[in-house]
1. Quantify, in whole percent, the carbon and sulfur part of the accessible surface of the chain (1.4 Å probe; protein heavy atoms only).
2. Keeping all protein chains in place and using 1.4 angstrom, which order do Asp30, Asp23 fall into by accessible surface area, from largest down?
3. Determine the per residue accessible area of the chain with all protein chains present and a 1.4 angstrom probe, expressed in square angstrom.
4. Report the local net charge at Ile26: Lys and Arg +1, Asp and Glu -1, summed over other residues whose C-beta lies under 15 Å from its C-beta.
5. Relative to the present Cα-Cα distance, how much length would full extension add between Glu40 and Leu7 at 0.36 nm per residue of separation?
6. Can you give the convex hull volume of the alpha carbon atoms of the chain per residue, in Å³?
Amino acid sequence: MSSEHHLPSATDLQRELEQVRRDYAIALKDRPEHARALEERARKLEAELAHQK
């Protein structure tokens, strides 16, 4: 069994970040209780992208 850990590509991270940002914009209006978690996820994705560059 391989111990390799798949790291997401920059493209995958960028797509996920865009989706999280869309979800965040919707959450601000419809589900504000979820907005903070989405904001945190977006920050983590941005940090991962910056680290890959």
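The values are calculated or read from the model by the stated rules, or taken from the named source; none is laboratory data. Note that this is a predicted model, so its numbers are computed, not measured. No Cβ is skipped: glycine too gets one built from the backbone with ideal geometry, and neighbour counts run over all protein chains shown. Heavy atoms of the whole protein, side chains included, go into the accessibility calculation; ligands, DNA and RNA do not. Shrake-Rupley method; radii C 1.70, N 1.55, O 1.52, S 1.80 Å.
1. 53 percent
2. I get Asp30, Asp23, largest accessible area first.
3. 86 Å²
4. Net charge in that neighbourhood comes out at +1.
5. Here the answer is 9.9 nm.
6. So the per-residue Cα hull volume is 94 Å³.
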